[in-house]
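What follows is calculated from the coordinates using simple rules that are stated; it is not laboratory data. Computed from a prediction, not measured in an experiment: that's the story for all the values here. Counting neighbours? That spans all protein chains shown, and the Cβs are built from the backbone with ideal geometry, glycine included.
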Amino acid sequence: MKLRTGTPWMPAAEYGRALRGLGVNLLVRHIDAALPFHREVLGAEVVYSDPDFAVLRYDTVEWMLHADHTYLDHPLHPSLRDEGPRGVGAELRLHGRDPDVAEAAARRLGYTVLASTTDKPHGLREVYIVDADGYLWVPDVPRPR
């Protein structure tokens with residue numbers, strides 16, 4: 001069921017044909033509720049957004065959000081539930097996003113910081129933040145030598 005009214009930014013088939021490489025599509029309860037995390041914590045540009053769908057970009061990385069209601073006829077729909085985290089076992093890493101800035105924004109906006117920003121032995125400075133739908137995001141930058 002679509003909630004969008006009006007004309008989208010581009011025809012879905014045109015956008016679909018343009019996609020390349022690995023794509024990330026996150027199912028979220030409500031697009032409007034998800035956007036502040038992506039915009040302010042992750043520093044993403046909102047390329048397009050309507051009540052059904054959003055496209056976000058950070059540097060050269062692009063990902064999509066689809067609202068749960070757009071998956072009513074999808075095989076995953078019965079497994080979507082209102083409570084609990086989604087994507088357990090997956091880390092969504094956003095390379096190049098300053099983790100200190102992301103952590104400060106997450107705390108200001110009331111998101112869960114699972115692990116504060118720290119320098120890791122594998123050469124990254126990173127923070128673990130859970131968004132409103134329960135996805136684990138790890139903004140990181142190379143740590144100083």
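Across all Cα atoms of the chain, the radius of gyration (one decimal) and Dmax (whole number) stand at 15.9, 51 Å.
Rank the residues Arg97, Arg4 as a footprinting-exposure proxy: fewest other Cβ atoms within 10 Å of their Cβ go first. Could you put the intermediate results ahead of the total?
Numbers: Arg97 22, Arg4 14.
Ascending number of Cβ neighbours within 10 Å: Arg4, Arg97.
Neighbour counting of Cβ atoms within 10 Å sorts the residues Met64, Met10, fewest neighbours leading, into Met10, Met64.
State to the nearest 20 debye the size of the charge dipole of the chain about its Cα centre, where the only charges are +1 on K and R beta carbons and -1 on D and E beta carbons.
On the way: 17 positive and 21 negative charges, 58 e Å.
It works out to roughly 280 debye.
Potential lengthening of the chain between Arg108 and Arg29 amounts to 26.3 nm, from the contour at 0.36 nm per residue minus the alpha-carbon distance.
So for Glu62, Glu83, fewest C-beta neighbours within 10 Å to most, what's the order? Can you show the working numbers first?
Details: Glu62 17, Glu83 5.
Placing the least packed residue first, the sequence is Glu83, Glu62.
Relative to the longest principal axis of the Cα atoms of the chain, the long axis of helix 99-109 makes an angle of roughly 60 degrees.
Here the Karplus curve 6.51 cos²θ - 1.76 cosθ + 1.60, taken at θ = phi - 60°, turns the phi angles of the range 112-129 into couplings of 7, 9, 6, 9, 5, 4, 8, 7, 9, x, 7, x, 10, 9, 8, 9, 10, 10 Hz, with x standing for Gly and Pro.
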